[in-house]
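We did not get these values from a lab; they are worked out from the coordinates using the rules stated. The structure displayed is predicted, hence computed values, not measured ones. Cβ atoms come from the backbone with ideal geometry, glycine included; neighbour counts cover every protein chain shown.
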């Protein structure tokens with residue numbers, strides 16, 4: 001998924017999340033820093049939110065069950081993935097992929113998973129900490145093998 005596709009996905013679902021959270025259009029506009037008129041245009045599908053609005057939306061509503069279901073992952077982590085801020089260091093603890101994730105491979109202390117909705121990949125350790133995420137299968141396999149080799153060298 002690229003930035004444009006993600007912006008479209010979030011824009012198309014803002015109204016659902018706003019309704020789930022029981023927030024008026026006036027209040028939502030205020031929260032996101034956009035006018036009610038702009039929000040109405042987004043909700044009616046006449047325009048898409050800009051990247052800054054999408055990032056703010058994902059940050060502010062990251063606990064929305066609906067938003068998590070739409071994305072299939074933590075919205076903030078997903079924004080970081082799209083922004084290429086995944087540097088290969090351990091991130092937040094995950095739930096281990098019991099929902100929305102398919103196990104691809106397990107080696108040493110690591111497991112490779114693929115998201116069933118967005119199809120991006122991630123590497124988790126045995127304690128369910130995320131080490132790396134990518135849409136690129138070649139990059140994720142390289143990093144996975146690198147991490148596994150590092151574990152076996154110890």
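Would you pick out the residues in the stretch 39-50 that are in contact with a helix residue (DSSP H, G or I) (Cβ under 7 Å, 6 or more places away or on another chain) and crowded, with 16+ Cβ neighbours inside 10 Å?
39, 42, 43, 48, 49
Out of everything in the stretch 105-136 that is free of Cβ contacts under 8 Å to residues at least 24 places away in the same chain and over 17 Å from residue 83 (Cα atoms), what residue ends up being surrounded by the most Cβ atoms within 10 Å (Cβ to Cβ)?
Among them, the one singled out is 113.
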